[in-house]
Amino acid sequence: MTPEFLLATTLAAVSLSPADDATIRDLESRSWVAWKAQDAAFFDQFLSDDHVEVHGYGVTTKASVVDAVRRAGCVVQAYALGPLTLTHVALCEALGQVAQRVVSANTGLIARLR
């Protein structure tokens, strides 16, 4: 399976309606409660099958997140939600292939280091 990546550039901040703010806060809060409770089943249902996270150490998938929650790879003792900001982005497809090659190379390196 080859991951697909697109780079993005920031365009402008977008304001949230009160209803959207409340919905996002509810979803975010529920995910923190589940993480604190090590509820891997929540994340298995909550995250999309194509979920991807990009970190300084590489790329993780839904399966990696669910596994980390299940085995308590990171323990949450407390959390607090600050102000939400939403930023509109534009995708830069021309750079997507370059990013894919870089991430694929780095993912292979990370797999060999594990």
* Structure fact -> Length-normalised contact order of the range 17-83, Cα under 8 Å, at least 6 apart, in percent, tallies to 34
* Vicinal HN-Hα couplings computed from phi for the range 65-74 (Karplus, 6.51 cos²θ - 1.76 cosθ + 1.60; Hz; Gly/Pro x) -> 5, 4, 5, 5, 5, 4, 9, 6, x, 9
* Karplus-derived 3J(HN,Hα), 6.51/-1.76/1.60, for each residue of the range 28-41, Hz, glycine and proline x -> 5, 5, 4, 5, 5, 4, 5, 5, 4, 8, 6, 8, 5, 4
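Values quoted throughout were computed directly from the atomic coordinates according to the rules given, and no laboratory measurement underlies them. On a predicted model such as this, the values are computed, not experimentally measured, just so you know.
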